């Protein structure tokens, strides 16, 4: 027994005088320390179970888990595994020299380890008070919105190159892409956005559809969604300031699709060229003359209908190879000619005729003839088929 006390005394002698009582406490409070550790570990497991339920609920709602929560759960798993080791060690029956007395040094070490683990557990319990478990993910960007029905022809690529070159020019702030309805302005704008992002010309590419009524709040909402920005302000001007604060610090391309009249960029929250040269705007419109409303730093680019060869290739890609076989080929060429090189018509009519019999093809051709003879404008003509 004297040897045991000498060993303990030697161990204690390694420490400064002040914490000596604490070292004796490890030995005296062995059972209490181990019991407290097990009790707090169970409470930590309960917190872990609750957090996991919240995490699973958030994931089912499509939200992303905050990194701090993932790190906390990982650390909890580690500490629980360590506690189980300490619990196993505390149950091990180790006596001095295989005699009736407990091994005091072993119990001291286990008790001391229990106290340290208890401190770690209490820290993890405190850190479990998260401000939030998850957050809504940022919505997919321009890649998600790209047109699957679009085919890039040489004429289309040439138009995209013209726009990209204009956007690279420091003095150009706005590019206006104009063309008739159905000529493929929206599809081209989306493909251009993809290309600009892939070439790292911009950090972000966002798009908003502008209606005839030009609803500023709706435009702001679309831009905010694509940026992952919550616009909590009630007023349009407040939302504009929130958007402006975000956009002024980024190199960003903003696509405003389907513009009918001039737009007040400041009212939307879009920085002007004098505010931020890294923010560029692409406007698509049917109104060729609208470019004058945007002032200096504006360039316009026209998108023209497809050539006969391009029109045939696009139509064939959606209607099928049957267009090469008689009697379909005669009707197909007639239909393609009447589509006026407009990709939207070529795609939609091609889809409708795919897999249909020759009589249905002829009937579609007659419908196109009828619409043309009614003398309707282009919008009415397109409305009949798309």
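Some observations on this one:
- Added length on full extension, which subtracts the Cα-Cα distance from 0.36 nm per residue, residue 218 to residue 321: 32.8 nm
- The three principal axes of the Cα atoms in region 149-278 give end-to-end lengths of 46, 30, 24 Å, sorted in falling order.
- Computed lengthening from residue 363 to residue 71, 0.36 nm per intervening residue step minus Cα-Cα distance: 98.6 nm
- Residues of region 176-216 with amide N under 19 Å of a point placed 7 Å along Cα→Cβ from residue 289: 176-181
- Extent along principal axes [Cα atoms of region 308-383; Å; largest to smallest]: 33, 25, 17
- Estimated at 0.36 nm per residue, the fully extended path between residue 31 and residue 329 surpasses their Cα-Cα distance by 98.0 nm.
- Ranked by the mean number of other Cβ atoms within 10 Å per residue, highest first, peptides 241-248, 321-328, 202-209 order as 202-209, 241-248, 321-328.
- Model label sites at residue 60 and residue 354, defined 7 Å from Cα along the beta-carbon direction, differ in position by 3.7 nm.
- Seen through its C-alpha gyration tensor, with square-root eigenvalues sorted a ≥ b ≥ c, region 199-337 comes out prolate because a/c lies at 1.5 or above while a/b is bigger than b/c.
- Separation of the residue 296 and residue 248 label points, Cα + 7 Å toward Cβ, nm: 2.1 nm
- Summarising the label geometry, the points placed 7 Å from Cα in the beta-carbon direction at residue 128 and residue 171 lie 6.5 nm from one another.
- Sites residue 120 and residue 272 - FRET efficiency at Förster radius 45 Å, r taken between beta-carbons, to 0.05: 0.25
- The calculated FRET efficiency for the pair residue 233 and residue 380, based on their C-beta separation and a Förster distance of 30 Å, comes to about 0.15.
Taken together, the values in this text are just the output of simple stated rules run on the coordinates, not laboratory data. Since this is a predicted model, take the numbers as computed values, not measurements. Note that we place each Cβ from the backbone using ideal geometry, even for glycine, and neighbour counts take in every protein chain shown.
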